[in-house]
Ligand SMILES: C[S@@+](CC[C@H](N)C(=O)[O-])C[C@H]1O[C@@H](n2cnc3c(N)ncnc32)[C@H](O)[C@@H]1O
Ligand SMILES: Nc1c(NC[C@H](O)[C@H](O)[C@H](O)CO)[nH]c(=O)[nH]c1=O
Ligand SMILES: N[C@@H](Cc1ccc(O)cc1)C(=O)O
Ligand code: SF4
């Protein structure tokens with residue numbers, strides 16, 4: 001046995017408790033034979049049995065083995081990755097999520113401020129330069145998620161509504177007040193759409209910011225963004241899709257139903273979406289299990305989720321840690337079980353990602369033998385994890401990818417964001433991307 005989950009509810013009194021009337025052995029049998037798992041089964045598997053404290057090593061290995069078997073059966077031996085760039089537009093954000101150290105309070109960005117905050121805002125022209133440089137080097141996807149800068153509006157029409165509003169509660173301020181103008185979401189998406197690059201952007205929280213002060217539907221917002229060049233939407237801002245947890249860690253964010261509505265709207269206008277869970281803070285295994293169930297139902301309704309991405313909470317520089325609400329992030333055992341149970345629970349999502357920026361190489365490889373089959377992308381730049389205290393780096397070369405994937409006897413495969421195009425990588429190094437319009441096999445990083 002190993003130590004109990006460090007933050008399993010802690011001092012917080014939650015309605016959802018990590019117990020069930022299912023038995024671990026029954027849940028494992030269901031998982032092995034591919035029967036659709038219930039929330040109670042997921043609780044048993046995530047806790048290796050809710051009737052005893054701590055994680056049982058032998059049972060954990062049984063769960064990981066079942067997940068590895070399911071992965072092989074479902075997607076085979078390929079491990080995929082994408083040649084992408086991460087371009088965060090701004091760190092200005094007043095939402096105040098207690099797990100996030102990416103953000104800087106927006107008044108520090110005012111023309112009149114002389115505070116040195118270390119954050120940044122990019123104009124659409126600057127975003128275009130950054131993306132154009134990376135496209136020239138061979139990337140074909142840009143992921144862009146940002147703080148909810150008060151000057152950001154969906155488009156010119158939205159800006160007019162916000163400028164005219166007498167309401168003081170809209171988290172809006174004219175761009176002229178700031179040192180750097182981020183433009184509108186539409187301008188940013190248009191700017192980042194360089195030479196057919198796939199633009200992966202606009203989380204549900206950003207979509208909400210892009211309609212504040214109006215009665216516009218999420219459909220309308222995503223439709224407008226698709227016109228501007230948006231190709232798919234990231235399912236971050238999910239955190240834990242149970243409101244009693246959101247009330248603690250991100251009280252300023254949209255609630256569970258809001259997140260689900262926004263994702264469903266993105267899917268309804270034809271966008272692929274991803275889904276995430278950020279785990280290992282104040283929540284317990286029951287919350288994780290309910291979260292998986294809500295995402296699985298969303299996928300039953302939409303079929304639009306290309307991959308599920310567990311995001312291991314990085315605790316070091318966060319308010320949750322400073323306030324003593326958590327002592328740590330998730331343990332290695334919790335990370336492994338989160339990946340494995342995601343694979344076993346999702347009979348309707350093909351791909352489970354091991355995010356190297358969160359887990360590092362060594363553990364990332366282990367997770368590829370515990371249910372995961374995707375190893376993220378090259379990203380080239382990273383601020384969210386780094387600012388929270390993570391230290392697994394900011395970029396990856398294709399040569400590194402090939403070496404890592406082959407070291408565990410699997411097949412390295414370059415993929416497009418939507419997984420519809422794939423290329424097996426073999427032959428001698430140096431390796432570089434081949435799938436994008438300007439990708440000619442030249443290594444991104446030498
Ligand atoms: C920083 S936000 C940026 C986009 C937008 N502001 C939003 O909240 O949707 C993107 C995601 O990063 C993840 N994140 C932030 N801080 C983190 C941390 N300390 N550890 C792990 N993931 C974190 C969260 O899942 C969050 O939804
Ligand atoms: N593209 C992926 C990323 N990109 C980096 C994120 O934007 C972010 O900085 C970080 O993950 C913070 O939560 N990250 C992934 O984990 N997976 C991706 O596919
Ligand atoms: N790119 C991934 C994961 C991700 C994106 C942004 C993040 O801040 C964190 C994770 C997605 O599609 O959702
Ligand atoms: S997670 Fe997003 S909304 Fe929350 S504080 Fe960070 S940047 Fe702002």
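The values are calculated or read from the model by the stated rules, or taken from the named source; none is laboratory data. All values derive from a computational prediction rather than experimental measurement. Counting neighbours? That spans all protein chains shown, and the Cβs are built from the backbone with ideal geometry, glycine included.
Across region 347-372, the qualifying residues are those that are assigned to a loop (DSSP other than H, G, I, E, B) and buried (at least 24 other Cβ atoms within 10 Å of the Cβ), and the one among them that is farthest from ligand 3 (Cβ to nearest atom) is 370. Against the criterion of being modelled with pLDDT of 95 or more, under 30 Å from residue 124 (Cβ atoms) and away from ligand 3 (no atom under 16 Å from the Cβ), residue 94 qualifies.
Inspection of region 173-187 identifies no residue that is crowded, with 17+ Cβ neighbours inside 10 Å, within 16 Å of ligand 2 (Cβ to nearest atom) and over 19 Å from residue 120 (Cα atoms). Applying the condition of being away from ligand 4 (no atom under 16 Å from the Cβ) and part of a strand (DSSP E or B) to region 137-159 and asking which residue is farthest from residue 121 (Cα to Cα) yields 141. Restricting attention to region 128-169, the residues that are more than 14 Å from residue 109 (Cα to Cα), more than 16 Å from ligand 2 (Cβ to nearest atom) and in contact with a helix residue (DSSP H, G or I) (Cβ under 6 Å, 6 or more places away or on another chain) add up to 4.
The listed residues are 138, 118, and the only one of them that is within 16 Å of ligand 1 (Cβ to nearest atom) and either crowded, with 17+ Cβ neighbours inside 10 Å or within 24 Å of the chain's Cα centre (by Cα) (or both) turns out to be 118. Selection of region 379-391 for residues being in contact with a helix residue (DSSP H, G or I) (Cβ under 8 Å, 6 or more places away or on another chain), in a loop (DSSP other than H, G, I, E, B), within 12 Å of ligand 3 (Cβ to nearest atom) and closer than 22 Å to residue 417 by Cα yields 379, 382. Filtered by the rule that a residue be in a helix (DSSP H, G or I) and within 19 Å of residue 279 (Cβ to Cβ), region 292-307 gives 292, 293, 294, 295, 296, 297, 298, 299.
Applying the criterion of being closer than 21 Å to residue 356 by Cβ and more than 16 Å from ligand 4 (Cβ to nearest atom) to the residues of region 306-328, the residue that is surrounded by the fewest Cβ atoms within 10 Å (Cβ to Cβ) is 328. Condition test on residue 288, is it surrounded by fewer than 22 Cβ atoms within 10 Å (Cβ to Cβ), away from ligand 2 (no atom under 16 Å from the Cβ) and either over 19 Å from residue 18 (Cα atoms) or within 19 Å of the chain's Cα centre (by Cα) (or both)? No, not satisfied.
When the criteria are applied in full, residue 110 meets the requirement of being surrounded by fewer than 22 Cβ atoms within 10 Å (Cβ to Cβ) and touching a residue at least 40 places away in the same chain (Cβ under 8 Å).
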